[in-house]
Amino acid sequence: MDQESDFPYSTRNIPEALGVSEAFLGFQERLSQVAKVDRPVLLIGERGTGKELAAARLHYLSKRWQGPLVALNCSALAESVLESELFGHEAGAFTGAQKRRQGRFEAAEGGTLFLDEIGLVSIPVQEKVLRAVEYGVFERVGSSAPVHVDVRIVGATNADLPELAAADKFKQDLLDRLSFDVLYLPPLRARREDIIYLAQHFAVSMAHELGQEDVPSFSSSAIDKLNAYAWPGNIRELKNVVERSVYRCGGGVISEIEFDPFVDPYRSEADLLSDPHPKDEENDSDPPLTLSEQVRDLELRSLKRALTACNYHQSQAASLLGLSYHQFRGLYRKYKDYLN
């Protein structure tokens, strides 16, 4: 199996992690420290925060850097396919299995296996992963013969794994094995000093790609807009916004910033101004609510509106409400029985 085809980064093309903020530098320092310790690591972060890049840096800063770096997105595959992808299969193990196939664990022998979205793995597959992590042994699908491997696991997720374990949706034993250390990737809103720094980097790269001779710059109003935005999609969203702005301005000073490309230009102004979910008129005959009841009512209504506005993307809803993801999750757990 070609390791470079499995993972987007190699020693030749791994992008440099960029930033000057305290949050960014602190994370990079912790990552460098744990990279040298040959134990499993969990990377926790919102979408667009750079979990794949962090996993690649962990590998290439570790003692295993000359070994393969193999990745698998666990959310992209059904349970039966995921098991075969991880552990391989024997010829005849299932319909279409015409020959023995090596899995990702074997492909990562002597190196690192990056399991993205590990919180979505089913319990039966988790049990096999646990055995492979704990004892370095597993069986291919359709075989009872043990296969021994030496692999370092790096898992990544945006899910609350302790909460999933408490709900019996993630094996506590596996969580214990994987969480030798847990690194939280800082979201872009916690890296305010890096926003313009990264924006300028993305702008120059895009201008070079487009063959523009002038080095692009941002107007003061554009800088204010970039700094004030919540960035629910984090660095990936920033890169898209900046690159879109560079190609549209055609060079020179960037003054127009469009955060949402899905704005319908043909929607009437009346539609834009109207509230599709008007507030219910208060009934004067209803008894007055206590203060705690009013707070509960406000929190629940705000939570519902934020989730609806963000199509139930919880990290985006958290940003919209001005909450951290963990603050939002606490509020969500408090009212989850009322959100259906």
With in the same structural domain as Ile153 (by TED's automatic domain parsing) and either at pLDDT below 90 or not in a helix (DSSP H, G or I) (or both) as the only criterion, which of Arg57, Arg30, Arg64 stands out? Arg64
Kindly indicate the residue of the range 216-242 that is crowded, with 20+ Cβ neighbours inside 10 Å and more than 22 Å from the chain's Cα centre (by Cα) and also modelled with the lowest pLDDT among those meeting that condition. Pro216
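What residue, among those in the range 137-168 that are hydrophobic (A, V, I, L, M, F, W, C) and farther than 15 Å from Arg104 by Cα, is farthest from the chain's Cα centre (by Cα)?
Ala145
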If you check Glu293, Glu258, which single one turns out to be touching a helix residue (DSSP H, G or I) at 6+ places or on another chain (Cβ under 9 Å) and either of a type outside the set (Gly, Ala, Ser) or modelled with pLDDT of 85 or more (or both)? Glu258
Among Glu163, Glu134, which is of a type in the set (D, E, K, R), assigned by TED's automatic domain parsing to the domain that holds Gln28, in contact (Cβ under 8 Å) with a residue 60 or more places away in the chain and in a helix (DSSP H, G or I)? Glu163
Gln172: assigned by TED's automatic domain parsing to the domain that holds Arg64, without any contact (Cβ under 8 Å) to a residue 60 or more places away in the chain and among the polar types (S, T, N, Q), yes or no? yes
Does Ala199 fit the bill of being outside the structural domain of Ala108 (by TED's automatic domain parsing) and surrounded by 21 or more Cβ atoms within 10 Å (Cβ to Cβ)? yes
Return the only residue of Glu193, Glu209, Glu213 being surrounded by fewer than 18 Cβ atoms within 10 Å (Cβ to Cβ) and either in the same structural domain as Gly48 (by TED's automatic domain parsing) or in contact with a Ser or Thr (Cβ under 8 Å, 6 or more places away or on another chain) (or both). Glu193
Hey, any hits in the range 12-19 for a residue that's at pLDDT below 95, touching a helix residue (DSSP H, G or I) at 6+ places or on another chain (Cβ under 9 Å) and among the β-branched types (Val, Ile, Thr)? yes
Only one of Glu83, Glu109 is among the charged types (D, E, K, R), surrounded by 20 or more Cβ atoms within 10 Å (Cβ to Cβ) and either farther than 19 Å from Leu42 by Cβ or at pLDDT 95 or above (or both); which? Glu83
So, Glu213, is that one over 26 Å from the mean Cα position of the chain (by Cα) and under 22 Å from Glu16 (Cβ atoms) or not? no
Would it be correct to say that Ala199 is within 27 Å of Ile235 (Cα to Cα), of a type outside the set (Val, Ile, Thr) and in a loop (DSSP other than H, G, I, E, B)? no
Contact list, first residue from the range 320-336 and at pLDDT below 80, second anywhere and charged (D, E, K, R), beta-carbon distance below 7 Å, six or more apart or interchain, is Tyr325/Glu46
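Restricting attention to the range 251-268, which residues are part of a loop (DSSP other than H, G, I, E, B) and surrounded by 11 or more Cβ atoms within 10 Å (Cβ to Cβ)?
Gly251, Gly252, Ser255, Glu256, Ile257, Glu258, Phe259
The values are calculated or read from the model by the stated rules, or taken from the named source; none is laboratory data. No experiment lies behind these values; they were computed from the predicted model shown. Positions of Cβ are generated from backbone atoms using ideal geometry, with glycine treated the same way; all protein chains shown enter the neighbour counts.
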